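*Asks:* Can you keep this structure in mind? I'll have questions shortly.
The values are calculated or read from the model by the stated rules, or taken from the named source; none is laboratory data. Keep in mind that what you see is a predicted model, and the values were worked out from it rather than measured. All Cβ positions, even for glycine, are placed from backbone atoms using ideal geometry, and neighbour counts span all protein chains on display. Just so you know, the surface numbers come from the protein's heavy atoms only, side chains and all, with ligands and any DNA or RNA stripped out. Shrake-Rupley method; radii C 1.70, N 1.55, O 1.52, S 1.80 Å.
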Amino acid sequence: MIGATVAAGTAVLLYFLPLFHVVPLDRAKQSVAGAAFDPAAFVDRFWTERLIPGAARAVDATELVAAVQEDRQSARRTHGRSVGMGRVYYYFVAGTGRVVSVEKNHVGLSLHDGQTQVQVSLETGNIFGNAVRDGTGLLNVNDFPNSQDFNALSSEINGRVEQQVLPALRKMAAVGATVRFVGCAEIMDEDTDLHPLRIVPFIVEAP
Amino acid sequence: MNRTSFRMLSPLIFLLCILLAGCGGGSPATPAGTPRIAVIISTLNNPWFVVLGDAAKQRATRLGYDVVVFDSQNDPAKEASHFENVIASGYAAVLFNPTDADGSIANVRRAKEAGIPVFCMDREINATDAAVSQILSDNYSGCVALGQYFVKQVGESGKYVELLGLVGDNNTWNRSKGFHSVVDRYPDLKMVSQQSADFDRAKALEVMEAILQANPDIDAVFCGNDAMAMGAYQALVAAGKDKQVKVFGFDGADDVVKLIAEGKIVATGMQFPKLMARTAAESADKYLKGDRDFPQKTPVAVELVHRGNAGKYGDYGRKEAE
């Protein structure tokens, strides 16, 4: 009788004060990820494991510039990438060009021999916005329960571009030099952002 | 049945009645058979959210639902009570503008467990497994653009103030961080004060008055929403400093867009409350008709509104777009 009473009492106690909680795995993962998110560590891995290898997916700059000149909307449909709803879209682009101008915050390239017109402009000043985060299609907002984490990636990626990519670009950017680049362009206003294409590069090298 | 056995059975009968009433409450339709949608809004004390709530109500009504709008008054306890009401009353879906990115998750989960789908509008919750979808303003990117314009207008040196929104809301920090991701790169731009005014016009007026007492020589004020921008502008006018201090807002409220066109406020970020509300209502309708294919988060781009393009905006959107 006493044993049964103790067992019942224990059962009631455990009901109200359980020794453990069963939590769905996706929810558990989410709370761990939310608590532990480290944008610098994330971008470290993303940069080497996905971004640099992903460069092969970029559209050729000569092809893109020609497509934009022919028909902006068709070029956007074929090569552009949008995130969510709105007028902003991105191009993920790679190419080789000759430096035709060097300004304080950008380097102008021509993609064709003998031309002096700037067709693409590589940014060399402070980098803002989401060009690389959203332009490659390699990162998805839905993988980040808290959008502050997703936004922190933009700052981290932009900082890395400024520290690891732009110093080399500034060094090699002399008029007449040839530069190979891979990067992304954010198109917020088609009247100003397409001619020339303003690219945030994440790879620059002498070919 | 004798009197004694009736006395014994009466509590059981009473309990059965309650259970049956509870089952009736689980039906997603009113007695007339029209399914009901709840629109739960963080606060209706701000015109922007009134537009969001009204647009959600209008679209859901046009889609054939009975719609009731609930005002949480920026109070998570009131919001929780609205959800209890919605669950007990058997609504078919909730179009939801949360008060708190973390605190509101439990309410959404409770609705989900009761079989009521929830569609977040404008503000997110920090979970991707609770709501069916979240249509969210891309506050961070909008404020990156606003920050760049701020530097262009104010210059690379000067003193400024920031008025923050509700500190528990992700939008507050997405806006602030987007802005600072730009402005903090200019070390001679000094933030002399950063205070919360809870997205509220009257509070912003009060806070700005106090800030101006201690900092009469500021060059600019960045406000996390347009209601606060209006409050700050009002304080500046009263202090005779409206020509000296540049005001920046965020939201795209009609009164602010008008003041931008007149050159009195410098810029704002246009969000699209009507677009977000309509999309949420249409998603709820599709869901209730069997569709289950929804992206969890859909960011909606924010557009910079300044004196040069203010004429293209109005009525809480872009004139030709909405």
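*Asks:* Select, from B:PHE248, B:PHE294, B:PHE222, the only residue that is more than 20 Å from B:ILE40 (Cα to Cα), in contact with an Asp or Glu (Cβ under 6 Å, 6 or more places away or on another chain) and at pLDDT 95 or above.
*Replies:* Numbers: B:PHE248 fails: in contact with an Asp or Glu (Cβ under 6 Å, 6 or more places away or on another chain); B:PHE294 fails: in contact with an Asp or Glu (Cβ under 6 Å, 6 or more places away or on another chain).
That would be B:PHE222, the only listed residue that is more than 20 Å from B:ILE40 (Cα to Cα), in contact with an Asp or Glu (Cβ under 6 Å, 6 or more places away or on another chain) and at pLDDT 95 or above.
*Asks:* Hey, does the stretch A:52-75 have a residue that's within 14 Å of chain B (Cβ to nearest Cβ) and either acidic (Asp, Glu) or in a loop (DSSP other than H, G, I, E, B) (or both)?
*Replies:* no
*Asks:* In the stretch B:253-291, how many are of a type in the set (Gly, Ala, Ser), at pLDDT 95 or above and either crowded, with 21+ Cβ neighbours inside 10 Å or closer than 19 Å to A:ASN142 by Cβ (or both)? It would help to see each step written out before you state the result.
*Replies:* The first filter runs over the stretch B:253-291 and keeps only residues of a type in the set (Gly, Ala, Ser), leaving B:253, B:261, B:263, B:267, B:269, B:277, B:280-281, B:283-284, B:290.
Keeping just the survivors that are at pLDDT 95 or above gives B:261, B:263, B:267, B:269, B:277, B:280-281, B:283-284, B:290.
This time we only want the ones that are either crowded, with 21+ Cβ neighbours inside 10 Å or closer than 19 Å to A:ASN142 by Cβ (or both), so: B:267, B:269, B:277, B:280-281, B:283-284.
Of the residues in the stretch B:253-291, 7 are of a type in the set (Gly, Ala, Ser), at pLDDT 95 or above and either crowded, with 21+ Cβ neighbours inside 10 Å or closer than 19 Å to A:ASN142 by Cβ (or both).
*Asks:* So in the stretch B:170-189, with the set limited to residues that are open to solvent by 30 Å² or more (accessible area, probe 1.4 Å) and outside any helix (DSSP H, G or I), which one is nearest to the other protein chains (Cβ to nearest Cβ)?
*Replies:* Ranking the qualifying residues of the stretch B:170-189, first place goes to B:ARG185.
*Asks:* Moving on. Which count do you get for residues in the stretch B:228-275 that are touching a Pro at 6+ places or on another chain (Cβ under 9 Å) and either of a type outside the set (A, V, I, L, M, F, W, C) or under 19 Å from B:ALA55 (Cα atoms) (or both)? Spell out how you get there, then give the answer.
*Replies:* To start, the set of residues in the stretch B:228-275 that are touching a Pro at 6+ places or on another chain (Cβ under 9 Å) comprises B:239, B:241, B:251-255.
Of the ones still in play, those that are also either of a type outside the set (A, V, I, L, M, F, W, C) or under 19 Å from B:ALA55 (Cα atoms) (or both) are B:241, B:251-255.
Result for the stretch B:228-275: 6.
*Asks:* Taking only the stretch B:190-211 into account, find how many residues are assigned to a helix (DSSP H, G or I) and out of contact with any strand residue (DSSP E or B) (no Cβ under 9 Å at 6 or more places or on another chain).
*Replies:* 5
*Asks:* In the stretch B:292-305, how many are more than 12 Å from chain A (Cβ to nearest Cβ) and buried (at least 17 other Cβ atoms within 10 Å of the Cβ)?
*Replies:* Qualifying residue count, the stretch B:292-305: 1.
*Asks:* Related question: Among the residues of the stretch A:176-191, are any at the interface with chain B (Cβ under 10 Å from one of its Cβ atoms) and open to solvent by less than 50 Å² (accessible area, probe 1.4 Å)?
*Replies:* yes
*Asks:* Filter the stretch B:55-90 down to the residues that are part of a helix (DSSP H, G or I), within 24 Å of B:GLY317 (Cα to Cα), in contact with a strand residue (DSSP E or B) (Cβ under 8 Å, 6 or more places away or on another chain) and of a type outside the set (A, V, I, L, M, F, W, C) and list them by number. It would help to see each step written out before you state the result.
*Replies:* Of the stretch B:55-90, the ones part of a helix (DSSP H, G or I) are B:55-62, B:76-89.
Add one more test, that the residue is within 24 Å of B:GLY317 (Cα to Cα), and what stays is B:55-62.
Remaining after also requiring in contact with a strand residue (DSSP E or B) (Cβ under 8 Å, 6 or more places away or on another chain): B:56-57, B:60-61.
B:LYS57, B:THR61, listed by residue number.
*Asks:* Moving on to the next point. From the residues in the stretch B:132-145 that are open to solvent by less than 10 Å² (accessible area, probe 1.4 Å) and either in contact with a helix residue (DSSP H, G or I) (Cβ under 6 Å, 6 or more places away or on another chain) or of a type in the set (Lys, Arg) (or both), which one is nearest to the other protein chains (Cβ to nearest Cβ)?
*Replies:* Going through the qualifying residues, I end up with B:VAL144.
*Asks:* Might you let me know whether the stretch B:195-202 holds any residue that is under 27 Å from B:PRO273 (Cα atoms), more than 11 Å from chain A (Cβ to nearest Cβ), among the hydrophobic types (A, V, I, L, M, F, W, C) and open to solvent by 10 Å² or more (accessible area, probe 1.4 Å)?
*Replies:* Taking every residue of the stretch B:195-202 in turn, at least one turns out to be under 27 Å from B:PRO273 (Cα atoms), more than 11 Å from chain A (Cβ to nearest Cβ), among the hydrophobic types (A, V, I, L, M, F, W, C) and open to solvent by 10 Å² or more (accessible area, probe 1.4 Å).
*Asks:* Another one. Test each condition in (1) in contact with a helix residue (DSSP H, G or I) (Cβ under 9 Å, 6 or more places away or on another chain); (2) assigned to a loop (DSSP other than H, G, I, E, B) for A:GLY176 and report the one that comes out false.
*Replies:* The one condition A:GLY176 does not meet is (1).
*Asks:* Could you grab me the full set of residues in the stretch A:131-144 that are assigned to a loop (DSSP other than H, G, I, E, B), of a type in the set (A, V, I, L, M, F, W, C) and either open to solvent by less than 10 Å² (accessible area, probe 1.4 Å) or within 13 Å of another protein chain (Cβ to nearest Cβ) (or both)? Write out each step before concluding.
*Replies:* First, pick out the residues of the stretch A:131-144 that are assigned to a loop (DSSP other than H, G, I, E, B): A:136-140, A:144.
Going one step further and asking which of them are of a type in the set (A, V, I, L, M, F, W, C), we end up with A:138-139, A:144.
Across the stretch A:131-144, the qualifying residues are A:LEU139, A:PHE144.
*Asks:* Residues in the stretch B:252-262: is at least one assigned to a loop (DSSP other than H, G, I, E, B), more than 14 Å from chain A (Cβ to nearest Cβ) and of a type in the set (Lys, Arg)? Let's see the steps before the verdict.
*Replies:* Quick first cut of the stretch B:252-262, residues assigned to a loop (DSSP other than H, G, I, E, B) only: B:252-253, B:262.
After this cut, where a residue has to be more than 14 Å from chain A (Cβ to nearest Cβ) as well, the list is B:253, B:262.
Right, trim to of a type in the set (Lys, Arg) and you get none.
No, the stretch B:252-262 contains no residue that is assigned to a loop (DSSP other than H, G, I, E, B), more than 14 Å from chain A (Cβ to nearest Cβ) and of a type in the set (Lys, Arg).
*Asks:* In addition: Which one is nearest to the other protein chains (Cβ to nearest Cβ), of the residues in the stretch A:82-130 that are small (Gly, Ala, Ser), in a loop (DSSP other than H, G, I, E, B) and without any contact (Cβ under 8 Å) to a residue 40 or more places away in the chain?
*Replies:* A:GLY86
*Asks:* Quick one: which residue in B:ARG59, B:ARG109 is within 26 Å of B:LYS289 (Cβ to Cβ), within 12 Å of chain A (Cβ to nearest Cβ) and open to solvent by 20 Å² or more (accessible area, probe 1.4 Å)?
*Replies:* B:ARG109
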